[in-house]
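Below is one structure, written out as structure tokens, with a few remarks after it.
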């Protein structure tokens, strides 16, 4: 009796499979874009071996890891999937950027204490060359805007300082990977702010306008200083003490102004 039932059951299963719906993907909707809006750069603050183990076997991860010695690029998480690299983060009012970003970790030991003070490890030329190549591929795939190419310290200034002041943001901006203030406009605005420095509320409002999550306390509290320092580390790495001065105000004004009255671009 069982031998008679087996062919009937097999036929029923095959019949069920044959009736499964088919998804027609020949038509693609016009109104769509990538879920990825941000590209976030980190440093590992450690060597390659430890970084690879942490990022591939631990609770944190990144989409890519760029080695410092070989310059080799490791793809650890598919860009279509979420990696756990940003943590508690914010930019332009959007929070939890793991959901909407691609994260790149760069092997770099970060700051080291020496008798002469803090020394930051430089990024090797080949590592940066390979990083630029990788970033251009990611930006092209997802149409990421230059203003959304950021460091971990930009999106989490209260707890992170990477990729640090030795990271070549200016060079990346020259490659179209980020924004950078026009030097002539900064010099002109600095002269204005040397004569009259804006009040602290102005700095807090401008930093928020640019994208940072910053208190609006009108006081130079510690959280505000950390945000100012993060901004300085990105755009004026020669001094990042968190003190709102005329040069910081000038850079901030240029970056938050779309253009000057003569039509010159605020950023390049």
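The values are calculated or read from the model by the stated rules, or taken from the named source; none is laboratory data. These figures come from a predicted structure and were not determined experimentally. Cβ sites come from the backbone with ideal geometry, for glycine too, and all protein chains shown count toward neighbours.
One residue stands out among those in segment 189-204 that are surrounded by fewer than 21 Cβ atoms within 10 Å (Cβ to Cβ) and either without any contact (Cβ under 8 Å) to a residue 40 or more places away in the chain or at positive phi (or both): the one that is nearest to the chain's Cα centre (by Cα), which is 201. Residue 56 - would you say it is farther than 24 Å from residue 179 by Cα and touching a helix residue (DSSP H, G or I) at 6+ places or on another chain (Cβ under 6 Å)? In short, no. Restricting attention to segment 212-237, the residues being farther than 15 Å from residue 181 by Cα and touching a residue at least 60 places away in the same chain (Cβ under 8 Å) number 7. Among the residues making up segment 135-151, a single one is buried (at least 22 other Cβ atoms within 10 Å of the Cβ) and over 21 Å from residue 209 (Cβ atoms): 135. When segment 132-170 is filtered for residues that are in contact with a strand residue (DSSP E or B) (Cβ under 7 Å, 6 or more places away or on another chain) and at positive phi, only 164 remains.
Of the strands (runs of 3 or more DSSP E) lying entirely inside segment 69-139, the ones with 1 or more residues being modelled with pLDDT under 95 are found at 111-114, 117-120. Note on segment 29-52: among residues that are farther than 22 Å from residue 111 by Cβ and free of Cβ contacts under 8 Å to residues at least 40 places away in the same chain, the one that is surrounded by the most Cβ atoms within 10 Å (Cβ to Cβ) is 32.
Look at segment 161-179 and say how many of its residues are under 23 Å from residue 93 (Cβ atoms) and either assigned to a helix (DSSP H, G or I) or more than 15 Å from the chain's Cα centre (by Cα) (or both). Final tally of qualifying residues: 1.
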